[in-house]
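Have a look at the structure below before the remarks.
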Amino acid sequence: MQPNTIRTRGVKFAFLFGPPRFVGRDEAAKLYGCVCDKLSHDDLTFRYSTTEAEAKPTSRGFAINLARKEGRGGFGIIVTHKGGNEPIRVLFDYGWPPSMPHVEELFDSASAAVFDSLEGEWQKVLAETRIRAECAVRGQDALSYIRERLICVSSSTIESFGTPLAFASIRLDTSSSGDTDDAIAGPARQLTVEVLQEDRKSVYLELVSQWTQYPEIATEVDITKSRPFNANPTDYVKDSYEFLCARVHDLAGEEGGS
């Protein structure tokens, strides 16, 4: 890989929080106004919908969608609740951001606006980032790079599946380290490296990082420890992006700087 070519295609960040409850249209409109004021934008689209119109308010779900187009990308804010005892989810999504500082500033401001506008005391139980990026490889052949550098399976074995090979991918998953004293330390990670279908000269990278209220240790949940959720979206996004860049540099170093 060539670390100096890494390009961010999209960043998503989400909180799950509770206690679950129904948010009506009036409160959703208040949220919309607060977000517009906080971001200094008055051209955000607004959509609001509910599920199970005949159900009791305590079991009804809802969805609030805000969005703004920017160039080839843009950003969106989605607040959803499936109803019942399911947690509420707020998702911040920035496609083709101009820079990571833009992402961090927007996510922090939008998050503050959402929680300031929703009435009540909220408990966050999960945070998740998803960063999508692309990176060029030496020789401008992503398929050969993954096949020869990452999978490291003999040509005869690969050819036994059939030829020509059209796609290759590798995914590495790690569980949480169990460190719950720090809001950011030891998340579960999932890193995918695969051929970028629309540009075979580059690889596609996707990193998912997840911080749960009760980290999973050796496939079991330790309920004696609880992670604090006192960090801003910026802290989670920075941690994930720095981790992704470090792994790209590691992979470049293993192949002699390519």
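Each principal axis of the Cα cloud of segment 57-183 was evaluated for its coordinate range; sorted largest first, these ranges are 62, 36, 33 Å.
Which value does Rg/Rh take for segment 20-121 over its C-alpha atoms, Rh per Kirkwood?
Details: Rg = 14.1 Å, Rh = 14.2 Å.
That ratio equals 0.99.
The stretch between residue 2 and residue 59 holds 15.4 nm of extra length on full extension. This uses 0.36 nm per residue minus the Cα-Cα distance.
With each run of n ≥ 4 DSSP H residues scored as -39500 (n - 2.57), what mean residue ellipticity at 222 nm is computed for the chain after dividing by its residue count and rounding to the nearest 500 deg cm²/dmol? Before the final figure, lay out the partial values.
Details: 5 runs with 64 residues, N = 258.
It comes out at -8000 deg cm²/dmol, rounded to the nearest 500.
Footprinting exposure proxy ranking of 46, 107, 167, fewest other C-beta atoms within 10 angstrom first, gives 167, 46, 107.
Helix 25-39 and the long axis of the chain differ in direction by around 60°, with both axes built from C-alpha atoms. Neighbours of residue 40 by Cβ distance under 15 Å: Lys/Arg scored +1, Asp/Glu scored -1, total -4. Result for the chain in a Gaussian network model with C-alpha springs under 10 Å: among 103, 195, 11, the largest mean-square fluctuation is at 195. Ordering 157, 192 by the number of other Cβ atoms within 10 Å of each residue's own Cβ, fewest first, gives 157, 192. For residue 225, a cut-off of 15 angstrom between C-alpha atoms picks up these aspartates and glutamates, skipping any fewer than 8 places away in its own chain: 179, 181, 182, 216. Using only the alpha-carbon atoms, how far is helix 100-117 inclined from the longest principal axis of the chain? Give it as 0 to 90 degrees, nearest 10. Result, in degrees: 20.
On the basis of the beta-carbon distance and an R0 of 35 Å, residue 190 and residue 26 show a calculated FRET efficiency of 0.35. Once the chain from residue 138 to residue 166 is taken as fully extended at 0.36 nm per residue, the excess over their C-alpha distance is 8.2 nm.
Quick one: 152, 36, fewest Cβ neighbours within 10 Å first, how do they rank? Working shown, then result.
Numbers: 152 8, 36 17.
Lowest to highest Cβ neighbour count: 152, 36.
Can you work out the base-10 log of I(q)/I(0) for the chain at q = 0.10, 0.12, 0.17, 0.18 1/Å, using the Debye formula on its C-alpha atoms alone? Ignoring solvent entirely, the Cα scatterers give -0.60, -0.82, -1.26, -1.33.
Under 14 Å from a label point set 7 Å out along the Cα-to-Cβ vector of residue 96, the amide N atoms of segment 1-41 belong to 8-11. Among 73, 24, 120, which one moves the most in a GNM of the chain with springs linking Cα atoms closer than 10 Å? Answer for the Gaussian network model of the chain: 120.
Read-outs: derived from the displayed coordinates by stated rules, not from any lab. Here the structure is a predicted model, which is why all the values come from computation and not from measurement. All Cβ positions, even for glycine, are placed from backbone atoms using ideal geometry, and neighbour counts span all protein chains on display.
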